[in-house]
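Below is one structure, written out as structure tokens; comments come after it.
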Amino acid sequence: MKKDRFFVLLLMFIVASTTFVYAQKKPRIAIAGIAIESSTFSPARSGEEAFRKSVGDDIFRLYPFLEKGAPLREKAEWFPAFIARATPGGAVPLETYESLTNRILELLKANAPYDALFFDIHGAMSVVGMDDPEGDLIVRIREVTGNDVLISTCMDLHGNVTWRLAENTDLITCYRLAPHEDAMESRERAVVNMLERIETGKGRPACKAWIPVPVLLPGEQTSTRVEPGKSLYAAVGPATAQEGIIDAGIWIGYAWADEPRNRATVMVTGDDKDMVVRTAEYLAHHFWSVRNQFDFVAPTATLDVCLEKAIASDKKPYFISDMGDNPTAGGAGDVTWTLTELLKRNEFKDGKGKTLIYASIPGPEFVEKAIRTGVGNKVEGTAGAKVDDRYAPPVKLSGTVTSVYTDNPDNKEVVVKIGTIYVIVTEKRKGFHYVREFEKHGLDPRQADIVVVKLGYLVPELYDIQADWMMALTLGGVDQDLPNLPYKRILRPIFPLDKDMPTPDLSAKLVPFVGH
């Protein structure tokens, strides 16, 4: 009897000890991803040099919520592999994609096995010769990690969600604001959802609902700053808060790539099948019902009309967005058409008119020449149109160097004053300038009469200082005139290219899990 009791106690001790050790064991979680938004209507190509690459522990600096000592950092054993991010641009050459993908796969193999993976992507990467790069990438990652690894994906709302991507991810979310002021919050949500499913032992959600919505609109018409985007995206939070729902997302999609996947999508994940389906269909029908209400977030007109209004206005700074070549949407960033037209205007030639800042145009040779010439001296040369010269040739710049900035050896900048126009010339293409980056040149955008920027909707910092703002319908790789773009491969019918199309089938499709 005593011997039996001893063995029972011993067995209880072993079970308790094993349970304690298991409870203390932290999950092994990898981090990987490639993020870029690529226009197929631009002649530009985004090679290796376009990507900022982070490897290993250097990846933690990308995510403040995973910094050393942060609560989420302590909840798992992290294995950051490889993150590559690029400013939006042209399509990615196949060899560049393969190089980046192979780096991810090699580094993932080095620390396998894993319990989960945080997959951080944009969702609008175009690769020459491929239709669904992110779908291809996640499939190849699964080949390394195995199908049982829990994958949580975070995306830009301007990304595209294919069936293959939906099938191979377990948890998925996207930004809920445009401009993307909630980008980091969204990434953190993806990580929190993943950790919660591991900690509770629930693992994969019971179901995933996917609904393609045949709408293709640019971000400049779907901003969450204004209606109907504001209310549409405001519905996502309450939908996610429902019992049985893990997360919900509305992807606007990317308008400047001619691929079958490019369109809007709704996806919902959760454990209550009926609730998941109802929520997905509610959001999809809501989206479709407001499709005709979408409009530009600011007044639009031709460049000439925008300039006439800005010159006549007593408000300053008066911002004008040079939208057609917006680098943050995938434009080449070196189209010279707008700057060429500005330099023709007599209002800026005599040195007595309104001041105008133009930000910016790339011209490496001009930058080097201006640096050699020195501040206060005259310089003459050309800039721009090395990548995209379809609308205007390199622009001739002849004026006085007012600033030279070489503190950033990767992208030196100069300012040349031509009449009352201050042109910022950069060594490499640049998305946009923050206020502090104007100020390093001695320029105060808050005091300028007119500021012309290669953007669509203004980033928050510039939006906050504008006294008035118009969006110029200019030329470039992200031309806003969608009906006249040479689409050949997107799925039709699609709104607004086919405005009278019949009401689509917006019923939810349940996505299977890989390996099941």
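Which one of these does residue 188 not meet: (1) under 15 Å from residue 248 (Cβ atoms); (2) in contact with a helix residue (DSSP H, G or I) (Cβ under 6 Å, 6 or more places away or on another chain)?
(1)
Sort out which residues of the range 221-250 are open to solvent by less than 10 Å² (accessible area, probe 1.4 Å) and more than 24 Å from residue 503 (Cβ to Cβ), and write them in order of number.
Those that are open to solvent by less than 10 Å² (accessible area, probe 1.4 Å) and more than 24 Å from residue 503 (Cβ to Cβ): 223, 247.
Quick test of your reading of the structure: residue 98 fulfils all but one of (1) closer than 22 Å to residue 161 by Cα; (2) open to solvent by 10 Å² or more (accessible area, probe 1.4 Å); (3) within 20 Å of the chain's Cα centre (by Cα). Name the failing condition by number.
(3)
Could you list, in sequence order, the residues of the range 459-479 that are open to solvent by 20 Å² or more (accessible area, probe 1.4 Å) and either under 21 Å from residue 314 (Cβ atoms) or in contact with a Phe, Trp or Tyr (Cβ under 8 Å, 6 or more places away or on another chain) (or both)? Even if it seems obvious, please write down each step before you answer.
Step one: of the range 459-479, the residues open to solvent by 20 Å² or more (accessible area, probe 1.4 Å) are 459-461, 463-468, 473, 475, 479.
Listed by number, the residues that qualify are 459, 461, 463, 464, 465, 466, 467, 468, 475, 479.
Counting only residues that are within 20 Å of the chain's Cα centre (by Cα) and of a type in the set (Val, Ile, Thr), which one in the range 297-337 is surrounded by the most Cβ atoms within 10 Å (Cβ to Cβ)?
Residue satisfying both the conditions and the ranking: 297.
From the residues in the range 366-411 that are basic (Lys, Arg) and closer than 24 Å to residue 43 by Cα, which one is most open to solvent (accessible area, probe 1.4 Å)?
Taking the candidates together, the pick is 386.
Can residue 176 be described as open to solvent by 30 Å² or more (accessible area, probe 1.4 Å) and not aromatic (Phe, Trp, Tyr)? Give the steps one after another, and end with the answer.
Numbers: open to solvent by 30 Å² or more (accessible area, probe 1.4 Å): yes; not aromatic (Phe, Trp, Tyr): yes.
Judged against the criteria, residue 176 is a match.
Are any of the residues in the range 440-458 without any contact (Cβ under 8 Å) to a residue 12 or more places away in the chain, over 22 Å from the mean Cα position of the chain (by Cα) and either part of a loop (DSSP other than H, G, I, E, B) or crowded, with 22+ Cβ neighbours inside 10 Å (or both)?
Yes, the conditions are met somewhere in the range 440-458.
Do we have any residue at all in the range 170-181 that's among the polar types (S, T, N, Q) and within 21 Å of the chain's Cα centre (by Cα)?
The answer is yes, given that some residue of the range 170-181 is among the polar types (S, T, N, Q) and within 21 Å of the chain's Cα centre (by Cα).
The values are calculated or read from the model by the stated rules, or taken from the named source; none is laboratory data. Note that this is a predicted model, so its numbers are computed, not measured. Quick reminder, even Gly has a Cβ in these numbers, built from the backbone with ideal geometry, and neighbours come from all protein chains shown. To get the accessible areas, we keep the full protein, side chains included, count just its heavy atoms, and leave off ligands, DNA and RNA. Shrake-Rupley method; radii C 1.70, N 1.55, O 1.52, S 1.80 Å.
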